[in-house]
Amino acid sequence: MSLQHWRRRLEHGNCQITEPVSCPQGKLKKMKIKAVRTSLYDIPPEVERVDAIQTFVSMEFPFVEIEDADGVVGTGFSYTIGTGGEAIKQIMDAYLTPILLEEDASNIDRIWNRMWMDTHWIGRGGIVTLGMAAVDIALWDLMAKRAELPLYQLLGGARAAVPVYNTDGGWLHLSEDELVRQSMEFVEQGFKGIKIKVGRDSLHEDVARIFAVREAIGQEPYLMVDANMKWNAREAIQLACRVEEAGLFWFEEPIEADDVDSHVALREKTTIPIAIGETIYNKYVFKEYIAQGTADILQPDAVRVGGISEWMKVAHTAECFGLSVSPHFLMDLHVHLSAAVPHSLFVEYIPSLDPVLEDTLTLKDGHFSPPDRPGHGILFDKQKLARYQIF
Ligand code: MG
């Protein structure tokens, strides 16, 4: 099927809008896109981050500013854990920017679908989707600024604050003593829960670490574990069976994320809720997990699913089937998305953007509230950002 055919389906199909939405004369302004500016930064983590499959020593940060004809600017971004950032910027410059310069910024879904179809041969996940995400986030920021609303209210405004759990002390390289000490500190600081990495060389070690942390923090705080897809179904079942009594709130990415059948096998053998989503790139795979009854908690990452538009579709679908969502990473953006819907569980505390922000989120009674500013309200300090600029 040719690209032209897909375009015709997109522009003239039964379920798609056939023309860019026009505004009633004299009431609303058009939001023609005037300029697109991209850049790339590399922001090193402030603590060493090691999990079962990788060490996270660099956070590339592709960045885009989209300016409309009135001079209103939306900012969007993406991230990697050290590879692919330059390719994401090139994708935005070569393939996404020309689409944007033909469009009205208010037609976000139309733009998203054009980006999806125009890049379908090389995209549908990975670096293309990460570039689309930066654009989509910028468009939503721009829309919310024009509406003079915080992003979470533009998207639904289900609540003003979201519980927070801390992952930034649960890394796999820490000794059991360090892990226990940091876990206790985070509970004392008021975090509602903590998550620790599993996947050490010995399953016995993982089991011992989980029970040591549970004993140290008591039964009340939420405790989650994350295997970062290290295991097969048999290994994941072994761990789950040995820690059933630890009161885990979820078991995250136990198995390769595309292997739905193995998750089905695991779920039949454990009562621990299964959380999956940070390595899933689109709503169709999430649909498959929901249809198979395989996951309890979905963890879409707005950057990896191509932006806020796709994140909201996953979240609303989850709600229809009685599942919770708890977004992965990028707390400064996800606090808005979590607050926009009623069935989100937590924001994940990893303060990856703090080194480049003017204003950081404040923990209050174990919760974060989205900034009460138009747009996503993330205030980047341009001088601090400049220190990390690559392109
Ligand atoms: Mg994870």
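How many residues does region 38-68 contain that are open to solvent by 10 Å² or more (accessible area, probe 1.4 Å) and modelled with pLDDT of 95 or more?
7
Right, SER309: within 16 Å of the ligand (Cβ to nearest atom) and either open to solvent by less than 10 Å² (accessible area, probe 1.4 Å) or more than 17 Å from ASP168 (Cβ to Cβ) (or both) or not?
no
What is the residue count in region 166-203 for residues that are part of a loop (DSSP other than H, G, I, E, B), of a type in the set (Ser, Thr, Tyr) and away from the ligand (no atom under 16 Å from the Cβ)?
Selection size over region 166-203: 2.
In region 249-279, what residues are open to solvent by less than 60 Å² (accessible area, probe 1.4 Å) and over 22 Å from the mean Cα position of the chain (by Cα)?
SER262, VAL264, ALA265, LEU266, THR270, ILE272
Out of all the residues in region 227-243, is one or more within 15 Å of the ligand (Cβ to nearest atom) and of a type in the set (D, E, K, R)?
Yes, there is a match, as at least one residue in region 227-243 is within 15 Å of the ligand (Cβ to nearest atom) and of a type in the set (D, E, K, R).
Is at least one residue of region 293-305 away from the ligand (no atom under 16 Å from the Cβ) and closer than 27 Å to LEU330 by Cβ?
Within region 293-305 (the criterion being away from the ligand (no atom under 16 Å from the Cβ) and closer than 27 Å to LEU330 by Cβ), the answer is yes, since at least one residue qualifies.
Would you please list the contacts, defined by Cβ atoms under 6 Å and residues six or more apart or on different chains, that run from a residue in region 297-318 that is assigned to a helix (DSSP H, G or I) and aromatic (Phe, Trp, Tyr) to a residue that is modelled with pLDDT of 95 or more and within 14 Å of the ligand (Cβ to nearest atom)?
TRP311/PRO300
Taking region 204-224, which residues are over 19 Å from THR271 (Cα atoms) and either within 16 Å of the ligand (Cβ to nearest atom) or assigned to a helix (DSSP H, G or I) (or both)?
Within region 204-224, HIS204, GLU205, ALA208, ARG209, ALA212, VAL213, GLU215, ALA216, ILE217 meet the criteria.
Yes or no, residue by residue, for (1) touching a residue at least 60 places away in the same chain (Cβ under 8 Å); (2) surrounded by fewer than 20 Cβ atoms within 10 Å (Cβ to Cβ); (3) hydroxyl-bearing (Ser, Thr, Tyr); (4) farther than 30 Å from GLY76 by Cα:
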{"position": "LEU130", "(1), (2), (3), (4)": "yes, no, no, no"}
{"position": "LEU142", "(1), (2), (3), (4)": "yes, no, no, no"}
{"position": "ASN166", "(1), (2), (3), (4)": "yes, no, no, no"}
{"position": "GLY170", "(1), (2), (3), (4)": "no, no, no, no"}
{"position": "ASP206", "(1), (2), (3), (4)": "no, no, no, yes"}
{"position": "ILE210", "(1), (2), (3), (4)": "no, no, no, yes"}
{"position": "VAL213", "(1), (2), (3), (4)": "no, no, no, yes"}
{"position": "PRO221", "(1), (2), (3), (4)": "no, no, no, yes"}
{"position": "ASP226", "(1), (2), (3), (4)": "yes, no, no, no"}
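Taking ILE81 as meeting all but one of (1) surrounded by 19 or more Cβ atoms within 10 Å (Cβ to Cβ); (2) under 15 Å from the mean Cα position of the chain (by Cα); (3) assigned to a loop (DSSP other than H, G, I, E, B), write down the number of the exception.
Here ILE81 meets the rest and fails (1).
The values are calculated or read from the model by the stated rules, or taken from the named source; none is laboratory data. Just so you know, these numbers come straight off a predicted model, no measurement behind them. Note that we place each Cβ from the backbone using ideal geometry, even for glycine, and neighbour counts take in every protein chain shown. The protein model used for the area step is the full one, side chains on, heavy atoms only, and it has no ligands, DNA or RNA in it. Shrake-Rupley method; radii C 1.70, N 1.55, O 1.52, S 1.80 Å.
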